[in-house]
Amino acid sequence: MSNFQFNRRDMLKALAATSGSMMGGATWAQSAQGDLNIAVLSQFSGNYATLGPSILRGAQLIVEERGGKVLGRKINLLQRDDEGKPAVGVRRITELVENEGVRYFTGNASSAVGLAESEIAARSKVVQFAGGGSDEFTGARCNDFTFQWSAHPYTACSSTLEYIRKLHPNAKRIYTLTADYAFGHSLLKYTQALAAGLGFEVVAGDRHPANERQFTQYFNKAFAAKPDVVLLLTAGADFLAAARQLHSFGAKNLVVGAPWAAEIDDLKELTPEMRAGLILGLNYHAGIDHPVNKSFVVSAVKKFKTVPTYPMAMGYDTFRTLFLAMEKANSVDPTVVAKTLEGWRFDSVHGGTQIDAKTHQSIRPYYIARCKAASEMKNADDIAEIVYQGNKPQPVELNDCKRA
Amino acid sequence: MSSLVVAQLINGCAIGMLYAVMAFGLSIIKGLLNVPNFAHGALFATGAYVCYAIANMGLPFGIALIGAFAVPALIGAMLQRFGLEKLAKADYLLQVLFLFGIALALEQSLVVIWGTSGVSLTAPSLLSGSFDLGFMRLPRYLVFVTVASATCIAVLWFLIERTKLGSQVRAGIEKSEMARCLGINIKGLLILGFALGAGMAGLAGGIALPLLGASSSSGNDMMSIAFVVLVLGGLGSLYGSVVAGLLLGIVQSLSTLVAPTMSTLLLYVVMTLVLLVRPQGLFGER
Amino acid sequence: MNNKHNGWRVPAILAAVLAVAPLTMPVNIANEIVVMAIFAMAANLIIGVAGLYSFGHATFFGVGAYMGGYVLAQFQTSTLTTLLIATVVGALSATIIGAIVIRRAGFYFMMLTFAFNQMAFYVVLTWSSVTGGEDGMGGITRTPLGIPGLGSLNLDDRQVFYALCALVFLASYYILNRVKRSALGLVLESAKENPRRTASIGYSVYRAQITAFAISGAFAGLAGALYALLYRFVPVDTISLAMSGNVLFMIVIGGLSSMVGPLIGAAVFVWLQGLFSLMWARWALLFGLFIVLVVFTMPNGLVGAFEKLRAFWAQRKGGRP
């Protein structure tokens, strides 16, 4: 092993590494000056890979409705996959902001991803219109540039409990199964805060780690407490596994509620027997009776041949709101637009909506659906009917946001 | 309270039997081929999806379960014949990485075929609902899981203990050098062994489908626990896996009464202690 | 062997590559490659040099990331202090865990490293008040880098931060490479071939391996802290089995036998992940097949493939180097 040999070998390796990296450099796109770059950063792979494409479609719809322009500037809509992981989301939004000049983005399905991204939004001064059910977006981690499109978990819990109270005047004992992370903790906190006022008592509960697959041991404990109501304060795959296994116990008179567990589409994974009677909280449904929503639904059906659900509505409504705010402010500067949004009352797909000036929470209704039994279903897509709408906002004393 | 303990005990038995089936398969592969099968989880998921596909075509659940065994078994046979056999002389690490790579490719293939959201299946009506025992409700399907897993293991026991082929498998696992000297067709045996082990993983996936559903990553946690069971039961002992699986299932279920979030952590603490204090596990020899 | 000359040439070439890299790709990708390369080199000391197939190296990387992230988020410690803390904690945890896991060999060693990784993962997951649990640890800011005598540098500038990481990488490469070529490295490699004979000659294999673990843990922890600083966020998969698997892939793709291999492996991995995931959501399928390909055709990784190519050319030319 002489000096010279060693040197050349490593030179070859180094050259290979450099030329390899140069090929990577070619793919990053350029955009013209004056254009407005916006992005949908969402899940296009992994367990919820249908969410991203849906949100993107909603965004494409509103961009198209406006002829691809706002305030005379061309709108460039970019998309990236956050894979449902905070690390990837952070990486992607950093790339989007620093390499592509994106100034407005939406699309997170997971709270953890959205919260991680909110730090980038605040630091880079780009507007984020987030989704997700954690109260930290508009609470402890509120900031000048993050806005929340989904309803507040307080509203979700109150709407769910109000409806259960309406349907079952005698139900009293609640068992809670809570996802053991920020989103679940929020739901539990507000369930406990609201229970007594509506005549309920949370008699027992368990926290389950994320991606739990076995829930039968928790349900053994649940049944020992003899509940009238089981609240599944969890979401996604965990919720589906829990619902499936709860059903296997065959408890007949049990009321099962899930304030923020899934959107109607996700329920297709369960068979009608598993979900019959389930009371589900929703951030959106296509039947909302307001001109803005009606025209949105008509356009969506015309272009995509499908009735829109929450993700498409979120993609559509967030950017629709942002574009209207830009026009109101006569500027595309995120700082100016953010200020314009604060305290603004306007019409969205939900009808009358307001954005809280301090917390940046969207104040709008939350919808409660009841899943139909197989015999009630008119067709395979007729999974649930909307039975109630609640809109109690989070009381100020429960809010942790410390913005000026 | 004691009725709750009994409920958790029964729950633990059912889950434990499922772990045992997984670990049994893993044990066969490790014993015969001396390689930890890091594709075991992906094979579990494959079995679950195949079961779903067959049941969805309208065929009986029993046929679906056979499919859940057969398809992964076939994949396992091919992995051995075209993969591990060629790597037999190569470094241990490469064999392991081969299985890792296959696991990744297999899991993603499941997504390509069946989409990204998971699937679920309702149990056949015979196995649905629950027995009301008074002090607890016992889901019928949990009973089925226990019985089916036990049957599975019993059938394999019969194959291994009472047939000529089985004795060769045993020889291959317990005294492989001698088996080679005696001229037993090691190559064929290895292919059969991997197929059997992979089939067990797939069958576990099929049995678990109505309970846990299926997604491309659903096998990973199962596989991790299967390794714990393997270590606890002991390498070189097929039946150690069964006892260890039951034990771990019960420990996990009971610990949810005390500290649910710690229950998985506890499994790995147990694993570490076993490896340090008694590496041959409960029943192993080497 | 004339080590003095070798010692400066390769780092010089690497420095040139690192300087050019941000011009050819987004600087945050280059940055991630560099940070992962430090982690991969650290792991290579144990896996490649010592031949101990550790399936839980993310434990030390994660410990460094969380520790660094924690002190930054809670106390806004200076960058140097943070990196120091992460390095020390990484070394300490590796020494303790290393002392335990090397009591067993082969499959049992592998399972022990796996068990410790899982334990660390579940501790992080459940201790969510400190680590953020499933959601990861946020609120991390980059504090200025104080260089005595020169003032302080604002690390918020991504080019400046990249330069810092590149310098740390070069220093790490130099040190780890020297360790590999030192007496310690030779003992480790000899123990990889035949532990009993090495011990019988009089070398304490046990002590050598623990020392290796300490060094490996130190650099892994350091890489972890840089990772936390890079994204100002520590996701829970930093300490997961998947991360241990990823670093293993990097080492094998690059090549176990040299310390340059990990850099190449890290570059390939991060680059593939960044590039392919934009094109096809199912890129991991290709990646899995790529691993299989590497295993069959390039058992010594890309570095090994290069060596073969070079030897082949040399042979054609008549044997002159």
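The values are calculated or read from the model by the stated rules, or taken from the named source; none is laboratory data. Just so you know, these numbers come straight off a predicted model, no measurement behind them. All Cβ positions, glycine included, derive from the backbone under ideal geometry; neighbour counts span all protein chains shown. Calculation scope for accessible area: heavy atoms of the full protein, side chains included, ligands and nucleic acids excluded. Shrake-Rupley method; radii C 1.70, N 1.55, O 1.52, S 1.80 Å.
For an R0 of 35 angstrom, estimate the FRET efficiency from the Cβ-Cβ distance between residue C:15 and residue C:99 and round to the nearest 0.05.
0.45
May I ask you to work out the translational diffusion coefficient for chain B at 37 °C, viscosity 0.692 mPa s, via Stokes-Einstein with Rh from the Kirkwood sum over Cα pairs, reported in whole µm²/s?
Reported coefficient: 171 µm²/s.
Region B:1-61 to region C:280-321: how many Å between their Cα centroids?
That distance is 38 Å.
Could you sort B:278, A:403 by accessible area so the largest value comes first, with the probe set to 1.4 Å?
Result, largest first: B:278, A:403.
To the nearest 100 Å², how much accessible surface do chains C and B cover up together, summed over both, with a 1.4 Å probe?
3400
Given a Förster distance of 56 angstrom, what is the FRET efficiency for residue C:242 paired with residue C:310, based on the Cβ-Cβ distance and rounded to 0.05?
Calculated value: 0.95.
Under a point-charge model restricted to the Cβ atoms of Lys and Arg (+1) and Asp and Glu (-1), what is the dipole moment magnitude of region B:69-162 relative to its Cα centre, in debye to the nearest 20?
That gives a dipole near 120 debye.
Using the per-residue mean of other Cβ atoms lying within 10 Å as a proxy for protection, in what order, highest first, do the peptides C:175-182, B:208-215, A:250-257 fall?
Top of the packing list down: B:208-215, C:175-182, A:250-257.
Each label point is 7 Å from the Cα along the Cα-to-Cβ direction; what then is the distance between the points at residue B:277 and residue C:8, in nm?
In this crude spin-label approximation the distance works out to 5.8 nm.
To the nearest Å, what is the center-to-center distance of region A:209-271 and region C:154-180, using C-alpha atoms only?
The distance from the Cα centre of region A:209-271 to that of region C:154-180 comes to 50 Å.
Pop out a list of residues from region B:258-279 that are at least 20 Å² less accessible with all the protein chains around than in their chain alone; 1.4 Å probe, no ligands or nucleic acids counted.
Correct list: B:260, B:261, B:264, B:265, B:268, B:271, B:272, B:275, B:276, B:279.
Quantify, in whole percent, the carbon and sulfur part of the accessible surface of the protein assembly as shown (1.4 Å probe; protein heavy atoms only).
Result for the protein assembly as shown: 61 percent of the exposed heavy-atom area is carbon or sulfur.
Give me the distance between the Cα centres of region B:78-109 and region B:154-204, rounded to whole Å.
20
If you count, for every residue in B:7-16, the Cβ atoms of partner chains within 10 Å of its Cβ, what is the mean?
Shielding by partners across B:7-16 averages 3.
How do the peptides C:198-207, C:29-38 rank, highest first, by the average count of neighbouring beta carbon atoms within 10 Å per residue?
Final packing ranking: C:29-38, C:198-207.
Quick one: putting +1 on the C-beta of Lys and Arg, -1 on the C-beta of Asp and Glu, what dipole do you get for region B:2-218 around its Cα centre, in Debye to the nearest 20?
Computed about the Cα centre, the dipole is about 420 debye.
Per residue of chain C, what 222 nm ellipticity follows from adding -39500 (n - 2.57) for every DSSP H run with n ≥ 4, rounded to the nearest 500?
Computed ellipticity for chain C at 222 nm equals -25000 deg cm²/dmol.
Report, to the nearest 10°, how far helix B:2-33 tilts away from the longest principal axis of the Cα atoms in chain B, using its own Cα long axis and a range of 0 to 90°.
Between the helix axis and the principal axis of chain B, the angle is about 10 degrees.
Using bins 10 angstrom wide from zero, how does P(r) for the protein assembly as shown break down, in % of all Cα pairs?
2, 11, 20, 24, 21, 14, 6, 2, 0, 0
At q = 0.07, 0.08, 0.16 Å⁻¹, work out log10 I(q)/I(0) for region C:3-316 with the Debye formula, treating every Cα as an identical point scatterer and leaving solvent out; two decimals please.
Log-scaled intensity ratios, in q order: -0.26, -0.35, -1.44.
List the pairs from B:30/B:86; A:85/A:221; A:339/A:392 whose alpha-carbon separation is above 22 Å, in the order I gave them.
Violating the 22 Å Cα-Cα cut-off are A:85/A:221; A:339/A:392.
Using a 10 Å cut-off on Cβ to Cβ distances, tally the other chain neighbours for every residue of A:235-245 and report the average as a whole number.
3
Let me cross-check residue A:95: its accessible surface, 1.4 Å probe, with only protein heavy atoms counted, in Å² to the nearest 10?
In the full protein context, residue A:95 sits at about 10 Å².
Ignoring ligands, DNA and RNA, what accessible area per residue does region B:2-218 give at 1.4 Å, in Å²?
Accessible surface, normalised per residue, equals 36 Å².
Take each complete run of DSSP H in chain A, measure how far its Cα atoms stretch along the helix's own axis, and keep only those covering 27 Å or more with mean Kyte-Doolittle hydropathy at least -1.0; list them.
Those that pass (Cα extent of 27 Å or more, hydropathy at least -1.0) are A:3-25, A:310-329.
Below 17 Å, Cα to Cα, which lysines can residue C:308 reach? Residues fewer than 8 away in the same chain don't count.
A:13, C:317
List the accessible area buried at the contact between A and C, summed over both sides and calculated with a 1.4 Å probe, in Å² to the nearest 100.
4300
Return the long-range amide H neighbours of residue A:387 (sequence gap of 5 or more, or a different chain), with a cut-off of under 5 Å between placed amide H atoms.
Close amide H contacts, sequence-distant or interchain: A:368, A:369, A:370.
For chain A, what does -39500 (n - 2.57) per DSSP helix run (n ≥ 4), summed and divided by total residues, give at 222 nm, in deg cm²/dmol to the nearest 500?
Mean residue ellipticity at 222 nm (helix-derived): -13000 deg cm²/dmol.
If you line up the Cα atoms of region B:51-198 on their principal axes, what length do they span on each, largest first, in Å?
58, 40, 29
Rounded, prolate or oblate for region C:249-292? Axes are the square roots of the Cα gyration tensor eigenvalues, ordered a ≥ b ≥ c, and the cut-off for rounded is a/c under 1.5.
oblate
From the mean inverse distance of alpha carbon pairs (Kirkwood) and the Cα radius of gyration, derive Rg over Rh for region A:111-195.
Reported Rg/Rh (Cα atoms, Kirkwood Rh): 1.09.
How large is the accessible surface per residue of region A:224-292, computed with a 1.4 Å probe and reported in Å² as a whole number?
30
Once you have the Kirkwood Rh of region C:1-76 from its Cα pairs, apply Stokes-Einstein at 37 °C and 0.692 mPa s and quote D in µm²/s.
Rounded, D is 217 µm²/s.
Specify which residue in the list A:363, A:71, A:393 is farthest towards the positive end of the charge dipole of chain A, using unit charges on the beta carbon of Lys, Arg (+1) and Asp, Glu (-1), about the Cα centre.
Sorting the options by dipole projection puts first A:71.
Please report Rg over Rh for chain A, where both radii come from the alpha carbon positions and Rh follows the Kirkwood definition.
1.04
Run down the lysines and flag those whose C-alpha is under 20 Å from the C-alpha of residue A:69, throwing out any fewer than 8 positions away in its chain.
Correct list for residue A:69: A:303, A:328.
Computed on protein heavy atoms with a 1.4 Å probe, what is the summed buried accessible area for the chain pair A and B, in Å² to the nearest 100?
Summing both sides, the interface buries roughly 2500 Å².
Given a 1.4 angstrom probe, what's the average accessible area per residue across region C:195-321, in square angstrom?
I get 41 Å² per residue for region C:195-321.
How about region C:222-239: which of its residues lose at least 50 Å² of accessible area in the presence of all protein chains relative to their chain isolated, using a 1.4 Å probe?
At a threshold of 50 Å² (probe 1.4 Å), the residues of region C:222-239 that become less exposed are C:231, C:232, C:233.
Among A:339-346, A:314-321, what's the highest-first ranking by average C-beta atoms within 10 angstrom per residue?
Ranking, from highest mean packing down: A:314-321, A:339-346.
Does anything in region A:58-80 have its amide N under 12 Å from the 7 Å Cα→Cβ label point of residue A:336, and if so which residues?
Flagged as within label range: A:71.
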